[in-house]
Amino acid sequence: MKSLKSNSVQEQVLLSCKSDYFIRGISLVQEVVITAYKSDWIREFEKEKKKISEALSSSAIQIEHIGSTSIAGMPAKPILDIAVSVNHLDEADLFIEPLRTLGYEYVPKLEFPNRRFFRKGECKKGTHHLHIYECSSDEWGNNLLFRNYLRSHPEQAAAYAELKKHLASLYVEDRTTYTLRKAPFIQSIIELAQKE
């Protein structure tokens, strides 16, 4: 699996933040809300996974819980991140209607050609983010590497939790900078995981 350069992770984060941060040229304040870990997140993922699996039938290869809510004890934004892998990304076009019946809206992110994104809940108040990747992509692999490494290395998970809390206190109304400042740590964990 190819290693992403640190600046490429930061560039991806910046593009994502910019697209979420501006609507028709109007800047929106995005508050950084970090909550204590909730064991309900795992149960909620399992329920959602079952629904998604039934809706997508055999098209989804894997459905994984990713992001901070997938790591026991990790403080997180109260948004469930779910990743679905497929053989070919264009299969995601067939998911729009089945996922809509579950409350997911397709949100085009043209700056991310290797991912399809669906949101459950209102814009800027989503409760679930669903990301679709090709199973052979770096994006899919890196999400799992990051999650699995933090799950099996509690000292690194604790360092990430402290970083998140510290950055959230500094950038209370600036989610873009908060997210950008996490990127070097995330990249360092991916690189450590790739060496194992």
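Number of residues in the range 174-185 that are open to solvent by 40 Å² or more (accessible area, probe 1.4 Å), closer than 24 Å to K125 by Cα, under 17 Å from the mean Cα position of the chain (by Cα) and touching a residue at least 60 places away in the same chain (Cβ under 8 Å) equals 2.
Here is a check on your reading of the model: is H128 in contact (Cβ under 8 Å) with a residue 24 or more places away in the chain and under 14 Å from A76 (Cα atoms)? Yes: the conditions hold for H128.
Residues of the range 143-152 being over 23 Å from V33 (Cα atoms) and either within 15 Å of the chain's Cα centre (by Cα) or touching a residue at least 24 places away in the same chain (Cβ under 8 Å) (or both), which ones? Those that are over 23 Å from V33 (Cα atoms) and either within 15 Å of the chain's Cα centre (by Cα) or touching a residue at least 24 places away in the same chain (Cβ under 8 Å) (or both): L144, L145, N148, Y149.
Within the range 32-65, restricting attention to residues that are surrounded by 14 or more Cβ atoms within 10 Å (Cβ to Cβ) and among the acidic types (D, E), the residue that is farthest from Q156 (Cα to Cα) is E48.
Checking each residue in the range 77-131 for being within 16 Å of the chain's Cα centre (by Cα), of a type in the set (A, V, I, L, M) and surrounded by fewer than 21 Cβ atoms within 10 Å (Cβ to Cβ) picks out I79, V107.
Within the range 154-173, the only residue that satisfies the criterion of being free of Cβ contacts under 8 Å to residues at least 24 places away in the same chain and surrounded by 15 or more Cβ atoms within 10 Å (Cβ to Cβ) is L163.
Here's the yes/no breakdown for (1) out of contact with any Phe, Trp or Tyr (no Cβ under 8 Å at 6 or more places or on another chain); (2) not basic (K, R):
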site	(1), (2)
D90	yes, yes
E97	yes, yes
T101	yes, yes
Y106	no, yes
K109	no, no
L144	yes, yes
Y160	no, yes
L167	no, yes
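The one condition from (1) of a type in the set (S, T, N, Q); (2) in contact with an Asp or Glu (Cβ under 7 Å, 6 or more places away or on another chain); (3) buried (at least 20 other Cβ atoms within 10 Å of the Cβ) that S68 does not meet is (2). Among the conditions (1) out of contact with any helix residue (DSSP H, G or I) (no Cβ under 6 Å at 6 or more places or on another chain); (2) more than 30 Å from L170 (Cα to Cα); (3) not in a strand (DSSP E or B), A55 misses just one, which is (1).
The values are calculated or read from the model by the stated rules, or taken from the named source; none is laboratory data. Please read these numbers as outputs of a predicted model, since none were measured by experiment. Neighbour counts run over all protein chains shown; Cβ positions are idealised from the backbone, glycine included. For accessibility, only protein heavy atoms count, side chains too; no ligands or nucleic acids. Shrake-Rupley method; radii C 1.70, N 1.55, O 1.52, S 1.80 Å.
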